[in-house]
Amino acid sequence: AGGGPAVTQRMRSAGIEGINVDRPTMNLIADWAGWPLSSNDDNWRAAARPPMASADSAFNRDVRDTSTPEGMAQLLEKIWRKDGLTEKSSALLLDIMTRSTTGTARLKGLLPPAVRVAHKTGTIGGTTNDVGIITLPENAGHVVAVVFVKESALPVETRERAIAQIARSIYDFFLFTR
């Protein structure tokens, strides 16, 4: 895709503000953990290297590789509407997101099992996210849901439950207010 700055520029060209892509994932993880990383370093994968608390705090204040909820919602809507993407690319992205096996306790967690949710999770340190498009029953439409939890000291399961409760509230609102 041309690297982080090219992706960020693509977002801006599409009219999406608030999404910044700056580093390869390997560098993002190394920065969060406080691991020194050179371009030839493959040791960043070592599970025995715990994150350093000071690095986690600095990571949480870093504006690189971040998104606002509004920016992410705009991106999801553009993907859904096939705005700026080919039909084939949009269909592929939505298919990948629908088949996602991560985060089953998040957006999908409290929804009826048959509800289609095209989503993408994200987790690092005290951050637990899930963003997606929820299909409402009886051809009632679709809802973009963006839930970001940041700097939480609560267990991941508790954060996931909060995301699931938010998704269920969104679903019920549109289901019962039609």
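The values are calculated or read from the model by the stated rules, or taken from the named source; none is laboratory data. This is a predicted model, so every value here is computed, not measured. All Cβ positions, glycine included, derive from the backbone under ideal geometry; neighbour counts span all protein chains shown. Protein only, heavy atoms only, side chains kept; ligands, DNA and RNA dropped before computing areas. Shrake-Rupley method; radii C 1.70, N 1.55, O 1.52, S 1.80 Å.
The figures follow:
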item	result
Enumeration of residues in the range 75-92 that are outside any loop (DSSP other than H, G, I, E, B) and open to solvent by less than 70 Å² (accessible area, probe 1.4 Å)	L75, L76, K78, I79, S89, S90, A91
Output for the range 3-18, where each listed residue is open to solvent by 70 Å² or more (accessible area, probe 1.4 Å) and part of a loop (DSSP other than H, G, I, E, B)	E17
Any pair with Cβ under 7 angstrom, 6 or more apart, that starts in the range 4-23 at a residue that is among the charged types (D, E, K, R) and ends at one that is in a helix (DSSP H, G or I)	E17/G71; D22/G4; R23/G4
R116 vs. criteria open to solvent by 70 Å² or more (accessible area, probe 1.4 Å), at pLDDT 95 or above and under 22 Å from A1 (Cβ atoms)	no
Inter-residue pairs, beta-carbon under 6 Å, first in contact (Cβ under 8 Å) with a residue 12 or more places away in the chain and in the range 120-144, second open to solvent by 30 Å² or more (accessible area, probe 1.4 Å) and assigned to a loop (DSSP other than H, G, I, E, B), 6+ apart	T121/T102; G126/E151; T127/K150; T135/R116; A140/R178
Extreme residue, nearest to A58 (Cα to Cα), among residues of the range 93-126 that are of a type in the set (D, E, K, R) and not in a helix (DSSP H, G or I)	K120
Checking S152 against (1) within 20 Å of W80 (Cβ to Cβ); (2) surrounded by fewer than 17 Cβ atoms within 10 Å (Cβ to Cβ), the condition it does not meet	(1)
Residue identified as modelled with pLDDT of 95 or more, among the acidic types (D, E), exposed (fewer than 14 other Cβ atoms within 10 Å of the Cβ) and farther than 18 Å from E77 by Cα among E138, E157	E157
Residues (open to solvent by less than 70 Å² (accessible area, probe 1.4 Å) and either of a type in the set (K, R) or more than 16 Å from the chain's Cα centre (by Cα) (or both)) located in the range 61-74	D62
Condition check for V147: part of a strand (DSSP E or B) and either among the hydrophobic types (A, V, I, L, M, F, W, C) or open to solvent by less than 30 Å² (accessible area, probe 1.4 Å) (or both)	yes
